[in-house]
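The values are calculated or read from the model by the stated rules, or taken from the named source; none is laboratory data. Worth saying up front: this structure is predicted, and the values here are computed from it rather than measured. Every residue, glycine as well, gets a Cβ built from its backbone with ideal geometry; the counts of neighbours run over all protein chains shown.
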Amino acid sequence: MRKRIVKGLEFEMSSGNVFADLGLRNAEKLKIKSGLVIQIVKAVRRLGLSQAEAGRRIGLPQPKVSGLVRGDFASVSERKLMDCLNRLGYDIEIKVKPAAKRIGQVKLAA
């Protein structure tokens with residue numbers, strides 16, 4: 001990571017993936033899942049749903065919805081998160097194309 005000094009304080013520039021910056025395993029997967037969760041939370045707020053109403057609509061119990069809102073998404077699969085977004089009225093498009101580098105990447109565009 002690149003370091004930068006601003007007004008005498010040293011900062012490390014992010015790689016763009018906070019999970020990788022923290023050295024967590026499965027950092028790419030966590031980045032994708034967190035992006036899906038962010039979209040779910042935004043959709044629930046936009047629709048004005050309570051956590052209980054959201055849970056009924058997306059097929060999760062209210063405590064699980066509460067966990068998602070708090071960032072606890074480790075036990076929820078990417079597929080389930082995408083299903084939740086579908087149930088909230090969102091389309092999901094997965095695009096596959098040749099990578100610019102030797103190893104490709106996964107990114108969520110919202």
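Here are the numbers for the structure shown:
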{"item": "Complete set of residues in the range 49-73 that are of a type outside the set (A, V, I, L, M, F, W, C) and outside any helix (DSSP H, G or I)", "result": "SER50, GLY59, PRO61, ARG70, GLY71, ASP72"}
{"item": "Matching residues, the range 1-48, being in a loop (DSSP other than H, G, I, E, B), touching a helix residue (DSSP H, G or I) at 6+ places or on another chain (Cβ under 7 Å) and modelled with pLDDT of 85 or more", "result": "ASN17, LEU24"}
{"item": "Test: residue in the range 96-106 that is out of contact with any Phe, Trp or Tyr (no Cβ under 7 Å at 6 or more places or on another chain), farther than 30 Å from ARG2 by Cα and in a helix (DSSP H, G or I)", "result": "no"}
{"item": "Index of the failed condition, GLY16 passing every other in (1) without any contact (Cβ under 8 Å) to a residue 24 or more places away in the chain; (2) surrounded by 11 or more Cβ atoms within 10 Å (Cβ to Cβ)", "result": "(2)"}
{"item": "Any hit, the range 83-99, residues being touching a helix residue (DSSP H, G or I) at 6+ places or on another chain (Cβ under 8 Å), touching a residue at least 60 places away in the same chain (Cβ under 8 Å), surrounded by 10 or more Cβ atoms within 10 Å (Cβ to Cβ) and within 15 Å of GLY35 (Cβ to Cβ)", "result": "no"}
{"item": "Which listed residue is over 17 Å from the mean Cα position of the chain (by Cα) and acidic (Asp, Glu), from GLU93, GLU10", "result": "GLU10"}
{"item": "Residue count for the range 13-41, restricted to those that are of a type in the set (A, V, I, L, M, F, W, C) and under 8 Å from the mean Cα position of the chain (by Cα)", "result": "5"}
